[in-house]
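Following: one structure in structure tokens, then a few remarks.
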Amino acid sequence: MRVYVPLTLPGLAEAYRTGEVGAGPLVAYAVTPALREWYVSEDTEELEYAALGRAAQASLRLLAAHPDAPRRRVVVAVDVPDGQASADPGRGIDPASPGEVGVAGAVPLAKVASVHVDSADAEADVAAAAGAVPAADGGDEDARFLVDGAEDHELLWYATQEIPNLVALGN
């Protein structure tokens, strides 16, 4: 199963240093029945893109919580065994978060399929969005507009061989 794990550049650097994308359990995003219902599509590529987008939103929240991290959203696409990822709203996963899954156990960096990161020209909008997250969560419509503005930027695709170069961006 392909899952999308939200990170920050320092989080990616830690994964590179330790050889694993967190020890688990991790929150990630995947094509789940709830995501299919929310996105209303049967096209697998569109659904995967929607799951990636949900992970990008979660990465923005990580940036809001870590003001010293470079203002670029990071999402790692990882292939995990089907039983390692589960969507179980009864055990704490927010039913308002379609596509959210829990990933049990360690996720080796070797299982990463690709990395998705904002370009440098997205930094100003991502910084504004990260700063606006608390107000947007409080119902401020102007802040919500700023948060949604980050979604105007497509994440760039990187092969796993490029992870060392991406880690250098965070230093």
Which whole-number percentage describes the relative contact order of region 1-149, with Cα contacts under 8 Å and a sequence gap of 6 or more? 31 percent
Under a 1.4 angstrom probe, counting protein chains only, how are 66, 116, 153 ranked by accessible area, largest first? 66, 153, 116
Does region 27-163 classify as rounded, prolate or oblate by the C-alpha gyration tensor (a ≥ b ≥ c root eigenvalues; a/c under 1.5 gives rounded; else a/b over b/c gives prolate, otherwise oblate)? oblate
Rounded accessible area per residue of the chain, 1.4 Å, Å²: 51 Å²
Computed [θ] at 222 nm, helices only, for the chain once each DSSP H run of length n ≥ 4 contributes -39500 (n - 2.57): -12500 deg cm²/dmol
Calculate the all-directions average of the projected area of region 35-75's alpha-carbon convex hull, and give it in nm². 3.0 nm²
The percentage of the accessible area of the chain (probe 1.4 Å, all protein chains present) made up of carbon and sulfur atoms, to the nearest whole number, is 53 percent
Residue-wise, which Karplus ³J(HN,Hα) couplings in Hz belong to region 33-45, taking 6.51 cos²θ - 1.76 cosθ + 1.60, θ = phi - 60°, and x for glycine or proline? x, 5, 5, 4, 5, 5, 7, 6, 8, 10, 6, 4, 5
Working only with C-alpha atoms, what are the Rg and Dmax values of region 7-65, expressed in angstrom? 13.5, 39
Amide H neighbours of residue 32 under 5 Å, counting only residues 5+ apart in sequence or on other chains, H built in-plane at 1.01 Å? 99
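The values are calculated or read from the model by the stated rules, or taken from the named source; none is laboratory data. Note that the structure is predicted; figures quoted are calculated from it, not measured. Ligands, DNA and RNA are excluded from the accessible area calculation, which covers all protein heavy atoms including side chains. Shrake-Rupley method; radii C 1.70, N 1.55, O 1.52, S 1.80 Å.
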